[in-house]
Amino acid sequence: MLRLAMLPDCARFVLRIAPADMAAAGQVFGLALPEAIGAVAEADGRLALKLGPDEWRLHAAESDGAEIAARFAAELGTTPHSLVDISHREIGIEVSGTAALDVLTALCPLDLAARPVGSGTRTVFDRVEAVVLRQAENQFRLEVWQSFAPFLYSLLEIVGQEVEAGL
Amino acid sequence: MTGYRVAGRGRVDPDARLRFIFDGRSYEGLHGDTLASALLANGVHFVGRSFKYHRPRGIMSAGVEEANALVGVDRGRGRYTPNTRATVLELYDGLTAESQNYWPSLRYDIGAVNDIAAPLIPAGFYYKTFKWPASFWNKVYEPVIRRSAGLGRAPTAPDADRYASRFAHCDVLIVGAGPAGLAAALTASESGARVILADENPEIGGSLLSDPAVQIDGKDAWNWLEEARATLAGRANVTLLTRTTAIGYYHQNFLGLVQRLTDHLPAAASSLPRERMWKVRAAQVVLAQGAIERPLVFDGNDRPGVMLAGAGRSFLNRYGVKVGNRVAVVTVHDSAYLAAFDLARAGAGVATIVDLRRNPRAALLAEARSLGIEVLSGWTVTATKGRARIAEIRVNPVDQNGKVGAARMIGCDALLMSGGWTPSVHLFSHSKGALDWREDLQAFVPGAPNEAVRCAGAGNGTFGLAAALAEGAAAGAATAGSAGTPTVFSVDGEAPFSGVYFRELPTDRDPTRAKAFIDFQNDVTAKDIRLAVREGFRSIEHVKRYTTNGMATDQGKTSNINGLMIAADAVGKPAPEVGLTTFRPPYTPTTFGAFVGYSRDAHFEVERKTSIDSWAEANGAVFEPVSLWRRAWYFPRSGESMHEAVARECRATRRSLGIFDASTLGKIEVVGPDAAEFMNRMYTNAWTKLAPGRCRYGLLLGEDGFIRDDGVIGRLSDERFHVTTTTGGAARVLATMEDYLQTEWPDLKVWLTSTSEQWAVIALNGPNARKVLEPLVQGIDLNGEAFPHMAVREGKICGVPTRLFRVSFTGELGFEVNVPARFGLSVWKALIEQGRPYDITPYGTETMHALRAEKGFIIVGQDTDGTVTPHDAGMSWAIGKTKPDFVGKRSLARPDMQDPKRKQLVGLLTEKPETVLEEGAQIVDGPYAAVPMPMIGHVTSSYHSETLGRSIALALIQGGHGRKGETVYVPMPGAMHKATITDTVFVDKEGAKLNV
Amino acid sequence: MLLIHCPYCREARPEIEFSYAGEAHIARPADPSVLSDEAWRDFLFIRSNPRGTHYERWRHTHGCARFFNAVRDTVSDKFLMTYEAGRPRPSEAEIEEHRS
């Protein structure tokens, strides 16, 4: 079984800040930021994924975007950091169901089966860079730049058909 | 049943009859046959002609090593495959195949004259002949050679099939599902490790498929095999891949496997992908590739009906086909006796076994006697006879001193030969494992590995079923570390297995007249190898290339070792000192489709589209590719040519209002307390004093001082810059910036984020641009004084957030409306509506290019080519003179960078206003200079300027800045055009149109 | 496709996520203006190109996006070790330790 779907829009930010200041940033965002690269924190509709030593990706409800940006500007103004709105840069794709892992692995040289639930990373599917979040055993969320999404989505569809045909 | 089918034998299904067509004739075969076994069942041995001499050839093997029986398979339009080995081509109902390398027919081939002319075309003949007269090469020799050369017929229609690919990860990958591979898989998978077992055959079993009489654990081989299959299939941690060839073994246990999915099915049966490439990363690899039998080297060893002894056994036991009714055998190895015995028991008359060895094993002799087979030990084969199929062999005794006695003729309709066995070390060699020479086997076997790999069975030089099973089990257990316990197998009924090695078989005839083939596919004979050595080639790699031995599509599976042994003998060195040629992927011929996978048609390349693209498409845009993007090139109205459309778009923009989708521009947000300092160090320009709300044109150099990129950069606040880059340079510029930031200036507190796709960008240009914006924009005073040229403001447009830039790439009053990408289309449509009173005109990249050229604005990568400095481009004004340093500054001080003779960017006006120069055309000083004329520059941009009603061009010309007003010449096909060097700005030189 | 150990992500990742970025330990001069033309040329263009141990820069472009350094054997293509950008060139002993 495979479910493939474009996800509803949400607010997305790239947060760059020295690890020493991450606690303060977590307070502003309302969610303690994860410490290890690849780790995800998630609560109350907010999500934070650590992608690099000083890089976090933040997700929130679309309607909360403006308020989050304003709070960072107001409350973290004196702490060096960079918060950039990338809500429209990307599109979320849900890949879930018992065939999800097979379908994703077909296009990705990273061993996704070995990555734990509740983790995420940037990697490459076919030729497309994407952030992949493993949200449950058989539930993944891809985040892809808009203009690359149709290409990747149609590849996922093709592979999905093959996997579902028993290949 | 045909005359050669043996009832009750083989794994074919006697009730599943299939029709197939070979060379236009219809035959019957059985499900489970290959084309080769089905043809042999019909008594057909002569199936093709050889590559060089066009000699009749038959089927020499029963597997992937086949060098002779190559056929073209026709599955309909776009599905023709040449050079398919009949021995691995699974039969299906309606299969249509044809033989190759003949004209006009297989039986009467004109090219066969090459065989008679063979003394004239020895090894390397094409290096030696056809040299004179020189003019004959192009006109006569090459066309003739090209027509007669080549293997098979290349398909011309696009491949109608589709192909799949996938990555996979496992703990243990086992290549080869013969006894050793199965033992490894059964053991390795016991622990729950992820195991992939791949085998190129349609079913697992390997040599067991040809050896049903042997017993494992008290069961008949095939029963044991079925149980093993069921056990593996029942384990969730095992992936069993049949029809899957491991084609290459790369670094860190990364292997390519090609799985054939539909070629065995009737042609029209499937919409599935034809093949799938598996790209497997394995923690451990077990190679159990088996061994390939060696042909013997004697005159006429290529005649149809001569085949490897093991193949004769496989055709009988696996396919239920006897290869002849009067079979002769010539061997240096025990294994050939097994074929003879099985055939004799199946009722094929076995005439004679010729054994080069003087003292074959007594048990073999006894069994031969009991079956009524004559054994000539210490004899040799010196010739064969027969046209389309072997009819006689010439045999001679060889005495203890090697003297060859009087000949005797023996009639036969098939000759089985065995020169012993060569372990298949191909994949092990791909992985850069060392090979060791085994004197007892006269063969190379895997030595010290270079990867986490173990070899088992015949491929490791471990012959014999019991030994192979034990070694496979041990390898499988070892992959599980100390936890693994090898499964123990007991074997009954196994025959002994040993032999010796012979180069060319002894003969009483002139060996230089013998056609004793080594490489059957490339028609290389033993004397070709010796000739190469006589001519001075010593390295086996050189001998290989000179003779082409082992260079055919079979890559020398049956010929490399014989070639090496004969070359070593000719050189006078032991074989291991001469060494083996390099094994290279792929292991067997692989379709291009398998490599291409999904990357064709719509998935050949990513095609990026902006959020406004759908509007452009609906409104008739013609598109052009710009890096990965497709961009609207121009918007023709019905009946308009490109020239007319661009002229209209240019006019409209200069006179009233044009609208342009600039979303593809690269964008980088530079944020942090050190943002201005970072910008100072990266770009040539000075940024410290740029006030928030203002923009500046930025020029980015490489450290070598040459222009790399440019773009308008807005300062949104003290600590935040909105940088734009060229469309094609976006990723490169960000990577360059990250490089400097992370590795040279890690102390700077500034961060970079790509926002290229966050923002849709709509450029409005023309005298009426402001009028259209005014009613739609909130929170920004658009008045010319409040919002001057080169300023940026944040506010709203149509109710959504915008970063509004007042910039111009056309020389007209211009704005660039940035809105979050998903709002791009609706804002675009609102602007189109609002612009109707002003005849708002969408324009594409061609108009953008023409309008900017009229203003002398450069396009990086068109007017620059990686050797142009800011000064060359006439942009010294963009350099912050007081800055101590920026990327590329030091290079600008090098003496050659200040040479007044450097190529510099200038304008060109042709003498005839209607002449539009070719971009890239060379420029010379005068029309009468001596040839070759010194080339002083080239045209970089050239357009018809609608504004001026004439052509304009930009060019890089040596010392051009100092040559304004001078005349140069531009040679183009058919004419030498005269042009005057000018300033680069053609329209509105003082920029009055911007200040409104 | 190689597997490359990213010193920031602390795991081996597929080569397709990485980009090569030239020889390592060639620092940009603090003040290029004081360099002779020859010294500047050497900084720009002259590289060691050894047969064997090579110090080189890579970027985990499609992962954590960090630049880092690597020691690679140009004969075998094997990565001997990787380490964070800014760390000094590892000693022979350190490399040997990783080799085993």
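Table for the structure above
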| item | result |
| --- | --- |
| Residue under evaluation B:I121, criteria (1) aliphatic (A, V, I, L, M); (2) at pLDDT 95 or above; (3) outside the structural domain of B:T242 (by TED's automatic domain parsing); (4) over 27 Å from the mean Cα position of the chain (by Cα), criterion not met | (2) |
| Within region B:632-657, considering residues that are more than 24 Å from B:V916 (Cα to Cα) and touching a Gly at 6+ places or on another chain (Cβ under 7 Å), the one most open to solvent (accessible area, probe 1.4 Å) | B:S656 |
| Residue within region A:90-103 that is facing another protein chain (nearest Cβ under 10 Å), in a strand (DSSP E or B) and surrounded by 19 or more Cβ atoms within 10 Å (Cβ to Cβ) present | yes |
| Residues satisfying the stated conditions in region B:546-581, i.e. basic (K, R) and over 19 Å from B:H426 (Cα atoms) | B:K573 |
| From A:R141, A:R134, A:R57, A:R122, residue being surrounded by 19 or more Cβ atoms within 10 Å (Cβ to Cβ), more than 8 Å from chain B (Cβ to nearest Cβ), touching a Pro at 6+ places or on another chain (Cβ under 8 Å) and closer than 19 Å to A:C10 by Cα | A:R134 |
| Leading residue by the ranking (farthest from B:F823 (Cα to Cα)) among those in region A:60-81 that are more than 13 Å from chain B (Cβ to nearest Cβ) and surrounded by fewer than 20 Cβ atoms within 10 Å (Cβ to Cβ) | A:E75 |
| Answer residue from region B:743-777, given it is of a type outside the set (S, T, N, Q) and in a helix (DSSP H, G or I) and is surrounded by the fewest Cβ atoms within 10 Å (Cβ to Cβ) among those | B:E744 |
| B:E911 vs. criteria in contact with a Gly (Cβ under 9 Å, 6 or more places away or on another chain) and either more than 14 Å from chain C (Cβ to nearest Cβ) or basic (K, R) (or both) | no |
| Elements of type strands (runs of 3 or more DSSP E) in region B:1-98, at least 1 residues being of a type in the set (A, V, I, L, M) and touching a residue at least 60 places away in the same chain (Cβ under 8 Å) | B:13-22, B:25-31, B:70-74, B:95-98 |
| Selection count, region B:208-222, where residues are in contact (Cβ under 8 Å) with a residue 40 or more places away in the chain, small (G, A, S) and either more than 19 Å from B:L343 (Cα to Cα) or buried (at least 19 other Cβ atoms within 10 Å of the Cβ) (or both) | 2 |
| Number of the condition not met by A:P109 [criteria: (1) in a loop (DSSP other than H, G, I, E, B); (2) modelled with pLDDT of 95 or more; (3) more than 7 Å from every other protein chain (Cβ to nearest Cβ)] | (3) |
| Failed item in (1) open to solvent by less than 40 Å² (accessible area, probe 1.4 Å); (2) hydrophobic (A, V, I, L, M, F, W, C); (3) over 28 Å from C:E92 (Cβ atoms), with C:M1 passing the rest | (1) |
| Residue pairs meeting the criteria (Cβ under 9 Å; at least 6 apart or on separate chains; first within 14 Å of another protein chain (Cβ to nearest Cβ), in region B:450-476; second open to solvent by 20 Å² or more (accessible area, probe 1.4 Å) and among the hydrophobic types (A, V, I, L, M, F, W, C)) | B:N450/B:A434; B:A452/B:A283 |
| Residue in region C:22-46 that is nearest to the other protein chains (Cβ to nearest Cβ), counting only those that are hydrophobic (A, V, I, L, M, F, W, C) and closer than 16 Å to C:R87 by Cβ | C:A27 |
| Hey, C:N49 at the interface with chain B (Cβ under 10 Å from one of its Cβ atoms) and among the polar types (S, T, N, Q) or not | no |
| Residue in region B:823-839 that is open to solvent by 10 Å² or more (accessible area, probe 1.4 Å), under 30 Å from B:E919 (Cβ atoms) and away from chain A (no Cβ under 14 Å) present | no |
| Among (1) within 14 Å of chain A (Cβ to nearest Cβ); (2) exposed (fewer than 15 other Cβ atoms within 10 Å of the Cβ); (3) polar (S, T, N, Q); (4) assigned to a loop (DSSP other than H, G, I, E, B) - the single one B:S611 does not satisfy | (2) |
| Filter result for the condition that a residue is among the aromatic types (F, W, Y), farther than 30 Å from B:T845 by Cβ, open to solvent by 30 Å² or more (accessible area, probe 1.4 Å) and at pLDDT 95 or above, over B:Y740, B:Y697 | B:Y740 |
| Strands (runs of 3 or more DSSP E) fully within region B:330-416 counting 3 or more residues that are out of contact with any Pro (no Cβ under 6 Å at 6 or more places or on another chain) and not β-branched (V, I, T) | B:349-355, B:392-397, B:408-411 |
| Condition check for B:A478: under 27 Å from B:S559 (Cβ atoms) and either part of a helix (DSSP H, G or I) or aromatic (F, W, Y) (or both) | no |
| Tabulated pairs, region B:618-629, first in contact (Cβ under 8 Å) with a residue 40 or more places away in the chain, second part of a loop (DSSP other than H, G, I, E, B) and open to solvent by 50 Å² or more (accessible area, probe 1.4 Å), C-beta under 8 angstrom, 6+ apart or interchain | B:W629/B:E607; B:W629/B:K609 |
| Test result for A:V84, more than 7 Å from chain B (Cβ to nearest Cβ) and either in contact (Cβ under 8 Å) with a residue 12 or more places away in the chain or surrounded by 22 or more Cβ atoms within 10 Å (Cβ to Cβ) (or both) | no |
| Output for region B:162-191, where each listed residue is surrounded by fewer than 21 Cβ atoms within 10 Å (Cβ to Cβ) and more than 14 Å from every other protein chain (Cβ to nearest Cβ) | B:E190, B:S191 |
| Residue in region B:239-286 that is farthest from B:G476 (Cα to Cα), counting only those that are more than 14 Å from chain C (Cβ to nearest Cβ), part of a strand (DSSP E or B) and open to solvent by 40 Å² or more (accessible area, probe 1.4 Å) | B:R260 |
| Residue that is surrounded by the fewest Cβ atoms within 10 Å (Cβ to Cβ) [pool: residues in region B:661-694 that are of a type in the set (F, W, Y) and more than 14 Å from chain A (Cβ to nearest Cβ)] | B:W687 |
| Residue check, C:A12 at the interface with chain B (Cβ under 9 Å from one of its Cβ atoms), open to solvent by 30 Å² or more (accessible area, probe 1.4 Å), assigned to a loop (DSSP other than H, G, I, E, B) and free of Cβ contacts under 8 Å to residues at least 12 places away in the same chain | no |
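So that you can scan it fast, the table gives a plain yes or no per residue for (1) at pLDDT below 95; (2) out of contact with any strand residue (DSSP E or B) (no Cβ under 7 Å at 6 or more places or on another chain):
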| residue | (1), (2) |
| --- | --- |
| B:A193 | yes, no |
| B:I196 | no, no |
| B:N201 | no, yes |
| B:G206 | no, yes |
| B:A213 | yes, yes |
| B:W222 | no, yes |
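The values are calculated or read from the model by the stated rules, or taken from the named source; none is laboratory data. Model, not experiment: these values are computed from the prediction. All Cβ positions, even for glycine, are placed from backbone atoms using ideal geometry, and neighbour counts span all protein chains on display. Areas reflect the complete protein model, heavy atoms only, side chains present, ligands, DNA and RNA absent. Shrake-Rupley method; radii C 1.70, N 1.55, O 1.52, S 1.80 Å.
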